[in-house]
Amino acid sequence: MLTEAVEHLIKNIVDFPDDVSVKSHDSARGEHIRVRVNPEDIGRVIGRQGRTASAIRTVVLAISDHNVRVDIIDARR
């Protein structure tokens with residue numbers, strides 16, 4: 001459910017929604033969600049001073065009942 005929520009949030013703020021990839025796996029510290037977007041959208045997803053990324057993480061933690069980590073991956077690296 002969380003991966004679908006993150007995917008929905010991200011796809012609605014990027015210019016290239018078909019390039020959004022959201023993958024999740026469990027680790028010892030909880031769930032880990034990795035988000036990849038088109039390199040041209042990375043600034044839009046992170047936002048000024050990381051405000052958009054922080055807001056996405058806050059929403060995910062609010063709807064989750066366990067520890068979740070959301071990472072936004074730069075596809076160019």
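The values are calculated or read from the model by the stated rules, or taken from the named source; none is laboratory data. Remember, it's a predicted structure, so these values are computed and weren't measured experimentally. Methodologically, a virtual Cβ is constructed for each residue, glycine included, from the backbone with ideal geometry; neighbour enumeration extends over all protein chains shown. The protein model used for the area step is the full one, side chains on, heavy atoms only, and it has no ligands, DNA or RNA in it. Shrake-Rupley method; radii C 1.70, N 1.55, O 1.52, S 1.80 Å.
Data for the structure
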quantity	calculated
Qualifying residue in region 31-46 (condition: touching a residue at least 60 places away in the same chain (Cβ under 8 Å) and of a type outside the set (S, T, N, Q))	no
Residues of region 26-40 that turn out to be open to solvent by less than 80 Å² (accessible area, probe 1.4 Å) and under 18 Å from residue 3 (Cβ atoms), as a count	7
Qualifying residue in region 58-72 (condition: open to solvent by less than 40 Å² (accessible area, probe 1.4 Å), of a type in the set (D, E, K, R) and under 9 Å from the mean Cα position of the chain (by Cα))	yes
